[in-house]
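K.L.:
What follows is a structure written as structure tokens; I'll ask about it next.
Read-outs: derived from the displayed coordinates by stated rules, not from any lab. All of these numbers come straight from a predicted model, not from anything done at the bench. Neighbour counts run over all protein chains shown; Cβ positions are idealised from the backbone, glycine included.
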Amino acid sequence: MTRVAIVGGGISGLTTAFYLEQERRRGVPISFTVFEAADRFGGVIRTERIDGCIVEAGPDSFLSTKPWARELCDDLRLSSQLIGSRDEDRKTYILINGRLEPIPLGMQMMVPTRVGSVLRSRLFSRQTKLAMAREYLWPPQPLGADDDESVASFVSRHFNSEVVDHLADPLLTGIYGADASALSVRATLPLMIDMEARHRSLVRGALAAKASNPASGAPQPLFTALRDGMQRMVESIIRHVPREALCSCRTIEGMNAQENGWQLRLAETTEDFEHVILAVPAHVSAKLIGDLPGSERPVELLSEIAHSSAVTVALAFDSSAIGLPPGFGFLVPRRESKRIIACTFVHNKFENRAPAGTALLRVFMGGSRDLEILDLTDEQITKIVRTELREILNIDATPQLVRVFKWHKAMPQYGVGHLLRIARLEMHMQRFPGLHLIGNAYHGIGIPDCVRAGRAAADAIMRRMRSQRALA
Ligand SMILES: Cc1cc2nc3c(=O)[nH]c(=O)nc-3n(C[C@H](O)[C@H](O)[C@H](O)COP(=O)(O)OP(=O)(O)OC[C@H]3O[C@@H](n4cnc5c(N)ncnc54)[C@H](O)[C@@H]3O)c2cc1C
């Protein structure tokens, strides 16, 4: 019997557990245990149902274009639960000099594809509109194949610093909680790098992609969610896995190497396994492998992956008491000097998130630009949010519900050189057979990427078991 330990019961670790369970049911001689430090599973995925609202404390959806989370939902028989974002209402605003300006139609991230809507937009100055035309006609030299640079530098090279400040930085801060000047363009915008390599001009590349993909039939929604909330994925995995395999309130404190595997140290005991999957943030993995002989370089590389913290605040209002613009919400550039990074109009983005007549807002704060927010009380955070919502949206009404959620060091920052760092890390980890690193710190921060990594870890264990059987 091969024994596997999965450390961390977020979506990454739970996905591995689910796919190992499929193998166990097929008769593969394997047992596994998920060790989760908290008193609940799901990690940052957490849904609360409050006063008829579906409140997402962490992620509210996943990108539809990345198939792995949808495939997991299919395997969990949750396909009928999947709902798409209401893209017919999709409109996102950027706060510029205190006013909400819509992102022009046809923008693909920071790349324009519709001349008319960009010309009419007040989001960009005349110089920026000229810079966009110039990029089409005289694109810059592409990035060297072995080079990396920050998103800010990449976008400035193609357009200018206004596109960084008004679009790239707010968009990326909303996803990674980090500045565009710190994030690796190769790790966070691989499609743009590909476009640059093929067309030099991002505008030409985006137009070519649009032309080769003419809208036929109903387009895929940009975001996919679960009707009852994202936690449904977690609950469903838990139902598919034997109860005795799931141990909550069990913090792993360290590891020792053994002749045929690994020993995990818990508060009052130790347990032995052939495989250990570390599905925890990189800073936790660095601590856990710190006592293993020869782990100095991997620990160093893991410690180089910085993590920022996030705060989300859910607020519900009587919709007749507030006047919201149509759309999915707004982003706030750094220079507006607000603590709100982004705000989603949840009741517009997905159906059934709030009862009729209720507006449900979800505010993001924190990230690397506001490390102090986590030290504030829920009351202090609520006060700041209400003040800023009054300034931005003119909301004076008292919310019917407010919930504050804090996520401490949960968002990895893919700094410049991230891909090379991870390649080196994986090379050094080959010295530790049976020890696997998964989670959001390496090959993608979104739920689909975490699911893909979780499934790949289960596949790797199966491959190793097969090759060991073949050698025996
Ligand atoms: C506020 C927020 C909003 C997001 N929004 C989106 C979104 O809309 N769409 C999207 O695709 N992605 C989103 N993400 C990103 C995505 O949700 C996460 O990257 C993903 O869920 C991480 O899953 P994970 O299992 O790798 O890590 P986690 O969910 O962080 O799980 C790690 C688990 O390990 C446990 N643990 C830690 N140390 C130990 C230990 N020593 N022993 C045992 N257990 C331990 C923790 O308690 C935790 O449960 C968001 C993230 C945040 C924070």
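K.L.:
If every alpha-carbon in region 238-373 counts as one equal scatterer, what log10 I(q)/I(0) does Debye give at q = 0.15, 0.17 1/Å?
P.N.:
One equal scatterer on each Cα of region 238-373 leads to -0.90, -0.97.
K.L.:
Quick one: work out the % antiparallel among DSSP beta bridges in the chain, nearest 5.
P.N.:
70
K.L.:
If you count, for each residue, the other Cβ atoms within 10 Å and average over each peptide, how do 24-31, 409-416 line up from highest to lowest?
P.N.:
409-416, 24-31
K.L.:
With labels modelled as points extended 7 Å from the Cα through the Cβ direction, what inter-label distance (nm, one decimal) is found for residue 162 paired with residue 25?
P.N.:
With each label point 7 Å from Cα toward Cβ, the separation is 5.7 nm.
K.L.:
Given a Förster distance of 30 angstrom, what is the FRET efficiency for residue 39 paired with residue 283, based on the Cβ-Cβ distance and rounded to 0.05?
P.N.:
Here the calculated transfer efficiency is 0.90.
K.L.:
Any chance you could run the full-extension gain for residue 146 through residue 256? It's 0.36 nm times the residue separation minus the Cα-Cα distance, nm to one decimal.
P.N.:
Gain on extension, residue 146 to residue 256, equals 35.9 nm.
K.L.:
Can you tell me the alpha carbon radius of gyration of region 361-409 divided by the globular rule-of-thumb value 2.2 N^0.38 Å?
P.N.:
1.17
K.L.:
Can I ask one more? Please identify which residues in region 327-364 have an amide N closer than 16 Å to a label point set 7 Å out from the Cα of residue 321, following the Cα→Cβ vector.
P.N.:
Those under the cut-off are 355-361.
K.L.:
Label residue 239 and residue 409 with points 7 Å out from Cα along Cα→Cβ: what is the distance between them in nm?
P.N.:
3.6
K.L.:
Oh, and also: Debye calculation, C-alpha points only, no solvent: report log10 I(q)/I(0) for region 163-250 at q = 0.15, 0.19, 0.22, 0.26 Å⁻¹, in the same order as the q values.
P.N.:
At q = 0.15, 0.19, 0.22, 0.26 Å⁻¹ the computed log10 ratios are -0.89, -1.03, -1.12, -1.22.
K.L.:
Take residue 267, project a point 7 Å from its Cα along the Cβ direction, then tell me which residues of region 242-256 have their backbone nitrogen under 17 Å from it.
P.N.:
Counting backbone N atoms under 17 Å from the label point, the list is 247-254.
K.L.:
Calculate the dipole size of the chain relative to its Cα centre from +1 charges on Lys and Arg beta carbons and -1 charges on Asp and Glu beta carbons; express the result in debye to the nearest 20.
P.N.:
So the dipole magnitude of the chain works out to roughly 1200 debye.
K.L.:
Residue 423 to residue 133: extension gain in nm, 0.36 nm per residue of separation minus the Cα-Cα distance?
P.N.:
My answer for the length gained is 100.7 nm.
K.L.:
Pull out the extension gain between residue 81 and residue 469, defined as 0.36 nm times the separation in residues minus the alpha carbon to alpha carbon distance; nm, one decimal.
P.N.:
That pair, residue 81 and residue 469, stretches by 135.7 nm at full extension.
K.L.:
Now a separate question. Starting from the amide H of residue 329, placed 1.01 Å from N in the peptide plane, find each other amide H under 5 Å away whose residue is 5 or more places distant or on another chain.
P.N.:
Counting only residues 5 or more places away or on other chains, the set is 91, 93, 345.
K.L.:
If you keep only loop residues by DSSP, which trypsin sites (Lys or Arg not before Pro) in region 95-141 have at most 16 other Cβ atoms within 10 Å of their Cβ?
P.N.:
Listed in order of number, the matching sites are 114, 122.
K.L.:
Right, next: Explain nothing, just compute: Karplus ³J(HN,Hα) = 6.51 cos²θ - 1.76 cosθ + 1.60, θ = phi - 60°, for every residue of region 86-95 in order, whole Hz, x for Gly and Pro.
P.N.:
Using θ = phi - 60°, the values come out as 7, 5, 5, 9, 6, 8, 10, 10, 10, 7 Hz.
K.L.:
Inverting the mean 1/r over all pairs of different Cα atoms, compute the Kirkwood radius of region 1-47 and quote it in Å.
P.N.:
Computed over region 1-47, the radius equals 11.2 Å.
K.L.:
Now for a different question. In whole Å and largest first, what semi-axes does the C-alpha gyration tensor of the chain yield when each eigenvalue is scaled by 5 and square-rooted?
P.N.:
The equivalent ellipsoid of the chain has semi-axes of 39, 27, 21 Å.
K.L.:
So who's got an amide H within less than 5 Å of the one on residue 50, skipping anything under 5 residues away but keeping other chains? H placed 1.01 Å off N, in plane.
P.N.:
Distant-sequence amide H within range of residue 50: 55.
K.L.:
Enumerate the amide H contacts of residue 395 below 5 Å, restricted to partners 5 or more residues apart or on another chain; note that Pro and chain-start residues carry no placed amide H.
P.N.:
Placed amide hydrogens put 390 under 5 Å from residue 395.
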